[in-house]
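Down below is the structure, laid out as structure tokens.
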Amino acid sequence: MSFLAIDIGNTRLKWALYASPQPGATLLAHGARFLETIDELAEQDWKNLPPPASMLGCVVAGEAVRRRVEEQLEMWDLTPRWVVPQASEAGVINGYDHPMRLGADRWVALIGARGHVLSRGPARPALVVMVGTAVTVDALDRDGTFLGGLILPGHGIMLRSLESGTAGLRVPTGEVTPFPSNTSDALTSGGTYAITGAIERMGRHLRERCGEEPVALMTGGAGWKVAPWLDMQHELIESLIFDGLLHIQSQRWPV
Ligand SMILES: Nc1ncnc2c1ncn2[C@@H]1O[C@H](COP(=O)(O)OP(=O)(O)O)[C@@H](O)[C@H]1O
Ligand SMILES: CC(C)(COP(=O)(O)O)[C@@H](O)C(=O)NCCC(=O)O
Ligand SMILES: [K+]
């Protein structure tokens, strides 16, 4: 009953093969590819994998990328299924004005985060941070209602937009420091503090709204770059999206 989970962001496709579609299932294999090279998945990463019995993915990179991935999936006898955010699912209530317009990766991360919160004891509010091409900072209250969240540029987009919008900012990346005294450090510190500042601000909104400290869960390829500078208790969970896909699949097709 192996299960293939796929997360397609705007920079990379991440995949993971689990022994079964159940939270906590054994991880059999996993990998990631920049979107430029996803047409090699069948011939390379997936060539020697045991055929998965089912698959569930989330994609925010558009129809053309989704179709390219579905072509790679044709090597197996699988029906590709892609998450569409619902009004509520797996204990999470979608508070977006138009629930289906929420990014599928954000919805899946919220469901994964809710699973982590409930597996640790009494329900608590959660701050769900995804540091990828863009950065999202989403707020779940104690009852599992998604209250709303921030979208801001990821580090790469911030630097590229500064480079393209100015004459003098094409410099190597620098260090994060309280008082940057060169262009490289100023850019790297500015980008990092913009991201951590947004996270800390949403953390304050959620704490004031719920009257208790939220659990802060962070994921995404650039999470490790930001985490050391975040002035709040938090946990980096690289598998958060996969955990959400496992929860959804286990509820849709309970074994
Ligand atoms: N191997 C890598 N090489 C360069 N950048 C990486 C790598 N892995 C992660 N990153 C960083 O993480 C970001 C992509 O993270 P990811 O979570 O895959 O984004 P998305 O979900 O938007 O595709 C990139 O913008 C980059 O900052
Ligand atoms: C905000 C995002 C671009 C983040 O995508 P990523 O950085 O993971 O590539 C994605 O969640 C998205 O396309 N959202 C749709 C708009 C919304 O969530 O309001
Ligand atoms: K992502």
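Derivation of every value follows stated rules applied to the coordinates shown; laboratory data play no part. Predicted, not measured: the structure shown is a model, and the values here were computed from it. As a convention, Cβ positions derive from the backbone with ideal geometry for all residues, glycine included, and neighbour counts pool all protein chains shown.
Measuring how big the range 133-255 is from its alpha-carbon positions, Rg and Dmax come out at 17.1, 59 Å. In terms of the mean number of neighbouring beta-carbon atoms within 10 Å, the peptides 239-249, 10-20 order highest first as 239-249, 10-20. An oblate overall shape is assigned to the chain, the ratio a/c of its alpha-carbon gyration tensor axes (a ≥ b ≥ c) being 1.5 or greater and a/b not exceeding b/c. Normalising the Debye intensity of the range 6-98 to I(0), with uniform scatterers on Cα atoms only, and taking log10 at q = 0.17, 0.20, 0.22, 0.24 Å⁻¹ returns -0.80, -1.05, -1.22, -1.36. Need one word for the range 158-199: rounded, prolate or oblate. Basis is the Cα gyration tensor (sqrt eigenvalues a ≥ b ≥ c); a/c below 1.5 gives rounded, then a/b vs b/c decides. Taking the square roots of the gyration eigenvalues as a ≥ b ≥ c, the range 158-199 is oblate.
Averaging 1/r over each pair of different alpha-carbon atoms in the range 78-181 and inverting the result gives 16.0 Å, the Kirkwood hydrodynamic radius.
Quick one: compute the contact order of the chain, relative version, from alpha carbon pairs under 8 angstrom and 6+ residues apart, as a percent. Normalised by residue count, the contact order of the chain is 19 percent. For the range 3-82, averaging the sequence separation of C-alpha pairs within contact (under 8 Å, six or more residues apart) and dividing by the residue count gives a relative contact order of 32 percent.
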